[in-house]
Amino acid sequence: NKKSLENKALLIKSFPIVFKTLEDLRFDIAYYIEGKIKVTETYTSPILIRCDNVKEIKGKSFKVRVIDENSFALIDIDSQQEQVKKFNEKFLFADVELIAEYNTQFKYDKEIGLPVTIVRFNDLRSLAQSYQNKIVVTQKDRESTVINISILTEDQLKGVVFLNKLTENYIKNEVNEKNIASTNTVRFINNQLVEMS
């Protein structure tokens with residue numbers, strides 16, 4: 001019925017599910033490709049950053065210029081200081097430990113070379129609120145029980161990956177709630193049987 005569909009639409013856009021999806025996908029670390037004309041957000045980049053403590057550096061960003069498969073130049077955007085670092089080795093940025101990995105799967109034009117990547121660290125709470133506002137849930141037909149979920153993002157692949165993970169997390173959440181309800185029902189029946197016996 002209509003109310004059930006409305007509830008599902010609200011659940012899909014709910015803060016806990018959106019937050020969990022962004023956390024699972026590590027969207028707290030965002031990548032941007034610096035082009036000749038503009039900077040564009042991307043899901044796949046020449047480098048991947050590993051960080052366990054993004055909260056400490058949220059709002060900060062740096063540029064990465066790949067030198068070769070073993071090393072890269074890290075440019076602090078605030079101070080414009082440049083340092084050469086090695087891939088797969090720990091280094092400090094704003095007193096937080098990071099590891100950079102070279103992405104061998106990244107496709108690029110060999111003649112132009114690898115583009116400069118900007119890495120930005122986001123606050124997951126404000127990012128989740130932003131994504132909540134971007135998600136559009138519509139009913140296919142008035143009589144249908146099918147809903148369309150869409151999102152407008154700068155990078156199409158990033159939007160697709162987000163929506164796939166969002167629906168996966170939503171389904172997991174539904175299954176968990178049904179399991180809890182079933183467990184509680186069984187517990188209640190067992191307790192009643194014990195009392196009766």
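Cβ-Cβ distance of residue 123 and residue 171, R₀ of 30 Å, FRET efficiency by 1/(1 + (r/R0)^6): the value works out to about 0.65. Distances between placed amide hydrogens fall under 5 Å for residue 153 paired with no residue 5 or more residues away or on another chain. Taken over the chain, the ratio of Cα radius of gyration to 2.2 N^0.38 Å equals 1.37.
Measuring nothing but how far apart in sequence close Cα pairs (under 8 Å, 6+ apart) lie, relative to its length, the range 66-197 scores a relative contact order of 9 percent. Computed from the C-beta positions of residue 156 and residue 180 and an R0 of 45 Å, the FRET efficiency is 0.80 to the nearest 0.05. Whole-Hz Karplus values for the range 45-56 come out as 9, x, 10, 10, 9, 10, 8, 8, 10, 5, 4, 6 Hz, taken residue by residue from phi with 6.51 cos²θ - 1.76 cosθ + 1.60 and θ = phi - 60°; glycine and proline positions read x. Our estimate of slack between residue 39 and residue 105, defined as 0.36 nm per intervening residue step minus the Cα-Cα distance, is 21.7 nm. Partners of residue 172 within straight-line reach, counting lysines whose Cα lies under 16 Å from its Cα and excluding those fewer than 8 residues away in the same chain: 8, 13, 20.
Residues whose amide H falls under 5 Å from that of residue 26, counting only those 5 or more places apart or on a different chain, are absent, with hydrogens built in the peptide plane. The length gained on full extension between residue 96 and residue 52, counted as 0.36 nm times the residue separation minus their Cα-Cα distance, comes to 15.0 nm.
Excluding same-chain neighbours fewer than eight residues apart, the aspartates and glutamates reachable from residue 86 by a Cα-Cα span under 17 Å are 68, 69, 76, 97, 101. Applying the criteria of a DSSP loop state and at most 16 other Cβ atoms within 10 Å to the trypsin sites (Lys or Arg not before Pro) of the range 146-197 yields no site. For the range 30-114, chymotrypsin sites (Phe, Trp or Tyr not before Pro) are listed when DSSP marks them as loop and at most 13 other Cβ atoms sit within 10 Å of their Cβ; the list is 108. When you filter the GluC sites (Glu not before Pro) in the range 96-151 for DSSP loop state and at most 16 other Cβ atoms inside 10 Å of their Cβ, you are left with 111, 143.
Specify the inter-centroid distance of the range 62-114 and the range 131-197, based on alpha-carbon positions, in whole Å. Answer, in whole Å: 39.
Could you check how much of the accessible area of the chain is carbon and sulfur, as a whole percent, using a 1.4 Å probe? Here it works out to 50 percent.
The values are calculated or read from the model by the stated rules, or taken from the named source; none is laboratory data. The shown structure was predicted, so the numbers you read here are calculated from the model rather than taken from an experiment. Cβ atoms come from the backbone with ideal geometry, glycine included; neighbour counts cover every protein chain shown. The area values use the complete protein model at the heavy-atom level, side chains included, leaving out ligands, DNA and RNA. Shrake-Rupley method; radii C 1.70, N 1.55, O 1.52, S 1.80 Å.
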